[in-house]
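The numbers here are math on the coordinates, done by the rules we state, and not lab data. Since the model is a prediction, treat every value here as computed from it, not as a measurement. Please note: Cβ atoms are built from the backbone with ideal geometry, for glycine as well, and neighbour counts cover all protein chains shown.
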Amino acid sequence: MAVPHVVGRYCRLAGQAVSALSCRQTCTKLLSAKRCYITQTAGNNLQFKLDDRTAHSSLDLFKKDTGVIYRILGLDPSKVQQNPERFRDWAVVFGDRPITGGRHYWEVTVKKSSEFRLGVAEVAMSRDDCVGTNSSSWVFGYVQGKWFAMTTNQRVPVPLVGKPDRVGIRLDYEDGLIGLVDISKAKVIHSMKAKFRGPLCPAFGLWDGELLTHSGLEEPDGLK
């Protein structure tokens, strides 16, 4: 279905996807987002899908909601169901399983994207922010051929040479650690320390190509 030119046109400003019809709702409504999450995960082997209710209108889910594609034009925002869970200005989507404890590991195929962010965020994070720009999210990103770790809008270079086809994310809720894993070396390349204040969920930002998630996994043998 064709998208009207005025309605469907987006600008990309430092990764921001802005729609002429993007609606802004008060942050207090975000508290209702928690009601949509039924299963909480405190053990290991987290299994999740991507939550279409949170996906920005420039993102399409595929492969039974385990993958996400960035569309330059995206959908007409007026055709997307409006709810307080949905990201309005940023091309972000959350996983559908909150994490309240435990140690977890999942992987993401990144070979078809050249600009993305992977990590975790608080379930009730503001949908007016992008992941990595506030104190409610912790992500690893890739842009212009370089990796970085990011939270509270502060970037730290990550010495991961090149771009593997697939990377891992390891989360230890109690220890407050999230790590980026080089699967080929079974090694945590970089970790961020945090004090998690409430339920988290897997978080993804995408501004090019596609990502595919793989959850319910055991950590690689010998991971260090």
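Database remark: amide H of Leu160 closer than 5 angstrom to the amide H of Trp147 (H placed geometrically; neighbours at sequence offset of 5 or more, or on other chains; Pro and chain starts carry no H).
Applying the Karplus relation 6.51 cos²θ - 1.76 cosθ + 1.60 with θ = phi - 60° to region 147-156 yields 3J(HN,Hα) values of 9, 8, 9, 8, 7, 6, 6, 10, 9, 10 Hz, where x marks Gly and Pro. On the basis of the beta-carbon distance and an R0 of 25 Å, Lys63 and Ala186 show a calculated FRET efficiency of 0.45. Normalised by 2.2 N^0.38 Å, where N is the number of residues, the alpha-carbon radius of gyration of region 41-182 equals 1.02. Start at zero, step by 10 Å, and the Cα-Cα distances of region 118-176 spread as 21, 50, 27, 2 percent across the bins. For region 104-224, the spread of Cα coordinates along the three principal axes comes to 34, 31, 25 Å, biggest extent given first. If the segment from Lys112 to Thr100 were pulled out straight at 0.36 nm per residue, it would be longer than the present Cα-Cα gap by 1.2 nm.
Hydrodynamic estimate: the Kirkwood radius of region 88-159 over Cα pairs, inserted into Stokes-Einstein at 20 °C and 1.002 mPa s, corresponds to D of 163 µm²/s. Residues in region 178-192 carry Karplus couplings, in order, of 10, x, 9, 10, 7, 4, 5, 9, 6, 9, 7, 6, 7, 10, 10 Hz; the curve used is 6.51 cos²θ - 1.76 cosθ + 1.60 with θ = phi - 60°, and Gly or Pro positions show x.
Taking amide hydrogens as placed 1.01 Å from N in the peptide plane, the amide H of Gly119 sits under 5 Å from those of Phe140, Ala203, each at least 5 positions away in sequence or on another chain.
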